[in-house]
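Below: one structure, written as structure tokens.
The values are calculated or read from the model by the stated rules, or taken from the named source; none is laboratory data. As the structure is a computational prediction, the values presented were derived from the model and not from experiment. Counting neighbours? That spans all protein chains shown, and the Cβs are built from the backbone with ideal geometry, glycine included. The accessibility values were calculated without ligands, DNA or RNA, using every heavy atom of the protein model including side chains. Shrake-Rupley method; radii C 1.70, N 1.55, O 1.52, S 1.80 Å.
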Amino acid sequence: MRCGYTYRDVNIVLISTYELGRQPFGLASPAAWLRKRGHHVVSMDLARQSLDESAARDAALIAIYLPMHTATRLAAQLIPALRQLNPGAHLCCYGLYAPMNVEYLRSLGVSTILGGEFENGLVHLAERLATRANEPQTEPLVSMDRLQFEVPDRAGLPPLEKYAHLIVPGDGYRIVGSTEASRGCKHLCRHCPIVPVYKGVFRIVSRDIVLEDIRRQAAAGAQHISFGDPDFFNGIRHAMELVEEFHHEFPKLTYDATIKIEHLGKHEGHLSTLRDTGCLFIISAVESVDDAVLEFLDKGHTREDFLHVIKTFRELGMTLHPTFVPFTPWTTLEGYLDLLNVLQQQALIENVAPIQLGIRLLIPEGSRMLELEDVRRLIGPFDPQSLAYPWKNPDPRLDALSETVQEIAAAAERRKESRPVTFERIWQAAHAAAGLTAPPIAASRHTGLGVPYLSEPWYCCAEPTRDQLVSIGTVKPQVKAVLATADGFV
């Protein structure tokens with residue numbers, strides 16, 4: 001394969017529709033590869049900027065990054081507009097959700113689909129187009145190649161201050177940069193969208209590349225770094241060497257990372273080093289406090305494991321941000337009230353973004369959830385509009401409560417309401433759904449001190465909320481008309 005040069009350069013547009021409020025690594029990384037080989041690349045993050053129609057019309061290749069479900073839903077709305085703007089462009093979708101939705105994307109006119117370690121595939125595709133080769137896709141649908149990564153090239157993306165920022169109660173906010181020290185995951189959680197593609201494989205980004213990426217973002221004003229790895233402790237030695245060198249070079253920068261409860265228990269001895277090297281908080285996908293549900297999800301931890309990690313973090317003076325998928329086919333009203341009660345008892349109300357309490361389990365194509373006979377019995381046919389298998393809880397009160405909680409969380413975000421006040425509303429709504437009078441929440445749990453958190457709540461393994469589906473609203477009005485969903489909102 002020729003990767004070092006081209007017969008001619010190619011005009012390429014890379015598009016991200018949503019990446020958790022971060023400046024997209026999934027644009028910056030391939031942009032570096034493609035520009036190094038002489039191609040003209042325009043990167044567009046439609047979560048933060050309008051579509052550059054002129055660049056889209058001039059592109060020989062338009063490649064859309066699909067790291068998660070919400071990004072894919074938004075991309076599916078965008079693709080018809082891109083085809084109208086430039087019928088001759090070669091359309092490519094790449095990233096985690098591209099191979100999971102191959103048939104649907106092909107039906108939209110996408111010619112090349114790349115999953116896994118996609119940078120080399122994009123380079124090869126550009127080379128193929130440079131030679132005017134009119135042939136079907138020759139790049140692998142999913143590649144697990146061990147790549148020698150380039151330093152991400154973030155030129156052309158909106159500045160960091162346009163992205164999610166770190167809120168530090170009592171101390172304002174900080175500009176946030178982001179990077180990835182690894183991709184994929186060695187675990188096989190049943191509901192996780194990484195598993196159908198990576199199948200237990202993870203890949204390391206070399207420490208010098210990660211540090212140079214951080215160095216450049218610090219020079220651009222970053223005061224905090226969010227590590228976007230699916231699990232920062234997949235490679236524990238790599239992680240610890242990285243944070244120690246990070247802190248040595250950037251002693252004033254803080255950071256956060258995502259780590260499984262299982263790993264937080266197994267590698268408990270390393271947590272104090274995270275604290276001492278500037279880690280402000282750890283995000284962990286707890287998902288549920290019901291052991292039966294955790295077993296269905298194959299999460300690798302129990303309720304007691306979660307409670308032990310809470311205790312450990314409190315003793316170390318660290319902050320844990322647990323995330324949840326509280327609405328599953330097995331959720332009961334008693335179980336949901338139990339979750340809320342645990343958060344109250346453990347003084348975690350400030351630590352949980354309200355939207356986390358309204359999320360429903362997502363079952364996309366290829367999900368390991370489909371291995372369960374219980375799941376196969378309750379789901380409906382695959383819905384290409386929502387890119388998921390629909391399901392309903394046996395108790396309709398739970399489906400209604402999920403919608404209510406999402407509405408409460410969305411309204412609270414618009415009003416900039418405090419998390420304790422929003423939790424109180426959810427607490428009341430959940431008890432009302434169960435036909436119970438809500439007991440008072442202990443005043444002592446509302447410390448008023450707050451905890452540091454990112455302004456855009458973290459989650460990806462879930463159905464998008466209505467507010468997320470309109471997040472592409474920065475696209476120009478003439479393009480927005482093409483982006484209306486089946487529900488009729490834009």
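Scattering from the chain was approximated by placing one identical point on each alpha carbon and applying the Debye formula without solvent; log10 I(q)/I(0) at 0.06, 0.10, 0.13 1/Å stands at -0.26, -0.76, -1.32. Keeping all protein chains in the complex and leaving out DNA, RNA and ligands, what accessible area do you get for TRP330 with a 1.4 Å probe, in Å² to the nearest 10? Roll a 1.4 Å probe over it and TRP330 shows about 50 Å². Taking Lys and Arg as +1 and Asp and Glu as -1, the other residues whose beta-carbon sits under 11 Å from that of THR138 total -2. Summary of packing: across the peptides 432-439, 253-260, 152-159, the per-residue average of other C-beta atoms within 10 Å ranks them, highest first, as 253-260, 152-159, 432-439. The Rg/Rh ratio for region 130-275, using Cα coordinates for both the radius of gyration and the Kirkwood hydrodynamic radius, is 1.02.
Once the Cβ-Cβ distance of ARG215 and LEU316 is raised to the sixth power relative to R0 = 35 Å, the FRET efficiency obtained is 0.75.
The stretch between ASP291 and ARG146 holds 48.5 nm of extra length on full extension. This uses 0.36 nm per residue minus the Cα-Cα distance.
In terms of the mean number of neighbouring beta-carbon atoms within 10 Å, the peptides 283-290, 232-239 order highest first as 283-290, 232-239. Accessible surface area normalised per residue over the chain is 40 Å², counting heavy atoms of protein chains with a 1.4 Å rolling probe. Among 34-42, 300-308, sorting by the average number of other beta carbon atoms lying within 10 angstrom of each residue, highest first, gives 34-42, 300-308. Residue pairs exceeding 24 angstrom between C-alpha atoms, taken from LYS162/LYS311; LYS36/LYS186; LYS162/LYS252; LYS186/LYS266: LYS162/LYS311; LYS36/LYS186. Note on GLN345 and GLU161: their simple-model spin labels are 4.6 nm apart, each label 7 Å out from Cα toward Cβ. DSSP beta bridges in region 73-203, what fraction antiparallel, as a percent rounded to 5? That works out to approximately 45 percent antiparallel.
Here the gap between SER272 and ASP383, fully extended at 0.36 nm per residue and compared with their Cα-Cα distance, gives a gain of 35.4 nm. A 1.4 Å probe over all protein chains sorts THR112, THR138 by accessible area into THR138, THR112, starting with the largest. The label point for LYS392 and the one for GLU407, both projected 7 Å from the Cα toward the Cβ, are 1.8 nm apart.
For the chain, carbon and sulfur atoms together expose 51% of the accessible surface, with a 1.4 angstrom probe and every protein chain in place.
Looking at the chain, the DSSP beta bridges with both ends there are about 20 percent antiparallel. Comparing PHE306, VAL325, ALA31 along the charge dipole axis of the chain, the residue lying farthest to the positive side is ALA31, per the Cβ-charge model.
Estimated from the Cβ-Cβ distance and a Förster radius of 22 angstrom, the FRET efficiency linking GLU249 and VAL201 is about 0.15. What angle do you read, to the nearest 10 degrees and between 0 and 90, between the alpha-carbon axis of helix 333-345 and the longest principal axis of the chain? Relative to the chain, helix 333-345 is tipped by roughly 80 degrees. Given +1 at the Cβ of Lys and Arg, -1 at the Cβ of Asp and Glu and no other charges, the dipole of the chain around its Cα centre is 980 debye to the nearest 20.
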